[in-house]
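Let me begin by presenting the structure, written as structure tokens, before commenting on it.
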């Protein structure tokens, strides 16, 4: 079995840092949060809170959030069960995949000293891209889809994977 582990909030718990980054970035724009803060703030959540924001303003918020994230990695926690899986299965049987910003992912895996994987695939995890990811990982590991096991925390992604008949472990 070959193991494909999502990075953001599966291998590394990032909700606390991600949310703090958005709160910081919104404050830089002079925007106050008048709602209960969810466990995880995303770009779509910000857009729903502030529909008047232009794409340029949303880009400003995102870039300030990313800058905050780069300097506060200590607010993340390595998922020890997932790290153990990578170590115990060995790099030849494990890969990472993520929809997160590539620079942020590299910072996270370096910060947590994660080295036990064969490859990393950056993906938007859309329905079409999930198909390509399965094909890419099958080619990488020279196996069929039945030889793959994905680990992810996103219910929509999990359902897409299940729709294509691959094994999935919800994180």
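What's the number of the only condition in (1) within 24 Å of residue 6 (Cβ to Cβ); (2) surrounded by 13 or more Cβ atoms within 10 Å (Cβ to Cβ); (3) without any contact (Cβ under 8 Å) to a residue 40 or more places away in the chain; (4) in contact with a helix residue (DSSP H, G or I) (Cβ under 6 Å, 6 or more places away or on another chain) that residue 39 fails to meet? Of everything listed in (1) within 24 Å of residue 6 (Cβ to Cβ); (2) surrounded by 13 or more Cβ atoms within 10 Å (Cβ to Cβ); (3) without any contact (Cβ under 8 Å) to a residue 40 or more places away in the chain; (4) in contact with a helix residue (DSSP H, G or I) (Cβ under 6 Å, 6 or more places away or on another chain), residue 39 misses just condition (2).
Would you mind listing the helices (runs of 4 or more DSSP H) fully within region 44-125 where at least 3 residues are touching a strand residue (DSSP E or B) at 6+ places or on another chain (Cβ under 7 Å)? So that I can check it myself, show each step before the final result.
Values: elements: 55-70, 80-89, 102-111.
Here the list reads 80-89, 102-111.
The residues listed here are 53, 33, 107; of these, the one that is exposed (fewer than 14 other Cβ atoms within 10 Å of the Cβ) and touching a helix residue (DSSP H, G or I) at 6+ places or on another chain (Cβ under 8 Å) is 33.
Does residue 80 fit the bill of being without any contact (Cβ under 8 Å) to a residue 40 or more places away in the chain and outside the structural domain of residue 115 (by TED's automatic domain parsing)? When the stated conditions are applied, residue 80 does not pass them. I'd like the residue in region 1-30 that is touching a residue at least 12 places away in the same chain (Cβ under 8 Å) and in a loop (DSSP other than H, G, I, E, B) and, out of all such residues, is surrounded by the most Cβ atoms within 10 Å (Cβ to Cβ). Among them, the one singled out is 11. Among the criteria (1) in contact with a strand residue (DSSP E or B) (Cβ under 6 Å, 6 or more places away or on another chain); (2) outside the structural domain of residue 86 (by TED's automatic domain parsing), the one residue 21 does not fulfil is (1).
Given the structure, is residue 133 in a helix (DSSP H, G or I), in contact with a strand residue (DSSP E or B) (Cβ under 8 Å, 6 or more places away or on another chain) and surrounded by 20 or more Cβ atoms within 10 Å (Cβ to Cβ)? Give the steps one after another, and end with the answer.
Values: in a helix (DSSP H, G or I): yes; in contact with a strand residue (DSSP E or B) (Cβ under 8 Å, 6 or more places away or on another chain): yes; surrounded by 20 or more Cβ atoms within 10 Å (Cβ to Cβ): yes.
Yes, satisfied.
Taken over region 78-99, residues that are under 29 Å from residue 42 (Cα atoms) and more than 17 Å from the chain's Cα centre (by Cα) amount to 2.
The values are calculated or read from the model by the stated rules, or taken from the named source; none is laboratory data. Note that this is a predicted model, so its numbers are computed, not measured. Virtual Cβ from ideal backbone geometry, glycine too; neighbours counted across all protein chains shown.
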